[in-house]
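The next block holds one structure in the form of structure tokens; read it before the comments.
The values are calculated or read from the model by the stated rules, or taken from the named source; none is laboratory data. Treat the numbers as computed from the prediction; the structure is a model and nothing was measured. Cβ placement follows ideal geometry from the backbone for every residue including glycine, while neighbour counts extend to all protein chains displayed.
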């Protein structure tokens, strides 16, 4: 055990920290605090195991919405070169400042909106994002990171289970949609585990899921990705219609579909991510 790990383990428990400060989660910030060290350590352990990494040494790690710092402590135990946390809640910033005294050269704090931060340009590679995401901005955050996924070694993220189901859905599944196509085109996705609502304070009404994203080796031209966004917006915007109707604004649609052997009678959920990509290359 390193000196930093010993210092972190000597801190008051998260429940004590929250109770001492009278810290209540704010619904407006999408907060649900995860206070169980066994769970936060499990997130880090499973993420590292899947990536065949012993720890986060030499890596830049980013955490969004650290709250009282449960996951932050577990990340620091994994010895990152740098850990940058982004938090809007001044009450939680105060807790982060106290934690920073244990690792002044390693822990960095940004008091700002994570949607405005460009993590893909911060620090050096390899970059990892590890977060229990604020549920109200989880999909916009993920979409932004997917567009620059080559700047990251991995994303280990917690979502509402229903959102995770949409992200990981396969063609033909009722949950399959735009974010499913986008994520599957760009990443290998591993479902690490699900969490009962009782793991959180306050307990949300739904289960949560931790997903691990790693970039696929294939490079996709940004302009082609924009075309994928356009196609999926049209198709899933009218998902009950056949694509010859929902995509009718695409010039020479029928010929392009025939070239790719995609039936014009298909609906949005029947088209694979690869087929959306192939069609995007033709428009």
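Among residues belonging to the range 254-268 that are out of contact with any strand residue (DSSP E or B) (no Cβ under 9 Å at 6 or more places or on another chain) and part of a loop (DSSP other than H, G, I, E, B), point out the one that is surrounded by the most Cβ atoms within 10 Å (Cβ to Cβ).
Narrowing the range 254-268 to residues out of contact with any strand residue (DSSP E or B) (no Cβ under 9 Å at 6 or more places or on another chain): 254-262, 268.
With the extra rule that they be part of a loop (DSSP other than H, G, I, E, B), the set shrinks to 260-262.
Details: 260: 14, 261: 8, 262: 18.
Step by step, filter the range 254-268, then rank; the result is 262.
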Q) When residues of the range 226-240 are filtered for being assigned to a loop (DSSP other than H, G, I, E, B) and touching a helix residue (DSSP H, G or I) at 6+ places or on another chain (Cβ under 8 Å), how many remain? A) 2
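Wholly within the range 1-68, which helices (runs of 4 or more DSSP H) include no fewer than the required count, namely at least 2 residues that are modelled with pLDDT of 90 or more, in the same structural domain as residue 133 (by TED's automatic domain parsing) and closer than 27 Å to residue 136 by Cα?
Answer list for the range 1-68: 37-50.
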Q) Under the condition of being in contact (Cβ under 8 Å) with a residue 60 or more places away in the chain and in a strand (DSSP E or B), which residue from the range 138-160 is nearest to residue 220 (Cα to Cα)? A) 154
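Yes/no per residue for (1) in contact (Cβ under 8 Å) with a residue 12 or more places away in the chain; (2) surrounded by fewer than 13 Cβ atoms within 10 Å (Cβ to Cβ); (3) over 13 Å from the mean Cα position of the chain (by Cα):
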{"site": "167", "(1), (2), (3)": "yes, no, no"}
{"site": "200", "(1), (2), (3)": "yes, no, yes"}
{"site": "216", "(1), (2), (3)": "yes, no, yes"}
{"site": "219", "(1), (2), (3)": "yes, yes, yes"}
{"site": "222", "(1), (2), (3)": "yes, yes, yes"}
(Q) Filter the range 102-121 down to the residues that are touching a strand residue (DSSP E or B) at 6+ places or on another chain (Cβ under 9 Å), in a loop (DSSP other than H, G, I, E, B) and either farther than 18 Å from residue 142 by Cβ or at pLDDT 90 or above (or both) and list them by number. (A) 103, 105, 106, 111, 112, 113
Q) With (1) assigned to a helix (DSSP H, G or I); (2) at positive phi as the list, and residue 278 as the residue in question, which single condition is left unmet? A) (2)
Q. Do we have residue 118 as out of contact with any helix residue (DSSP H, G or I) (no Cβ under 6 Å at 6 or more places or on another chain) and farther than 30 Å from residue 267 by Cα here?
A. yes
Q: Please verify whether the range 230-253 includes one or more residues that are modelled with pLDDT of 95 or more, within 30 Å of residue 126 (Cβ to Cβ), surrounded by 12 or more Cβ atoms within 10 Å (Cβ to Cβ) and not assigned by TED's automatic domain parsing to the domain that holds residue 190.
A: yes
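Would you say residue 163 is out of contact with any strand residue (DSSP E or B) (no Cβ under 7 Å at 6 or more places or on another chain), without any contact (Cβ under 8 Å) to a residue 60 or more places away in the chain, surrounded by 20 or more Cβ atoms within 10 Å (Cβ to Cβ) and on the phi < 0 side of the Ramachandran plot?
Working: out of contact with any strand residue (DSSP E or B) (no Cβ under 7 Å at 6 or more places or on another chain): yes; without any contact (Cβ under 8 Å) to a residue 60 or more places away in the chain: yes; surrounded by 20 or more Cβ atoms within 10 Å (Cβ to Cβ): yes; on the phi < 0 side of the Ramachandran plot: yes.
For residue 163, the condition - out of contact with any strand residue (DSSP E or B) (no Cβ under 7 Å at 6 or more places or on another chain), without any contact (Cβ under 8 Å) to a residue 60 or more places away in the chain, surrounded by 20 or more Cβ atoms within 10 Å (Cβ to Cβ) and on the phi < 0 side of the Ramachandran plot - is met.
Among residues belonging to the range 76-93 that are without any contact (Cβ under 8 Å) to a residue 60 or more places away in the chain and in a helix (DSSP H, G or I), point out the one that is nearest to residue 56 (Cα to Cα). Give the derivation first.
Our first condition is that a residue be without any contact (Cβ under 8 Å) to a residue 60 or more places away in the chain; within the range 76-93, this holds for 78, 80-88, 90, 93.
From what is left, the residues that are in a helix (DSSP H, G or I) are 90, 93.
Working: 90: 27, 93: 23 Å.
The residue in question is 93.
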(Q) Give me the residue from the range 122-131 that is in contact with a strand residue (DSSP E or B) (Cβ under 6 Å, 6 or more places away or on another chain) and modelled with pLDDT of 95 or more and, out of that set, surrounded by the most Cβ atoms within 10 Å (Cβ to Cβ). (A) 130
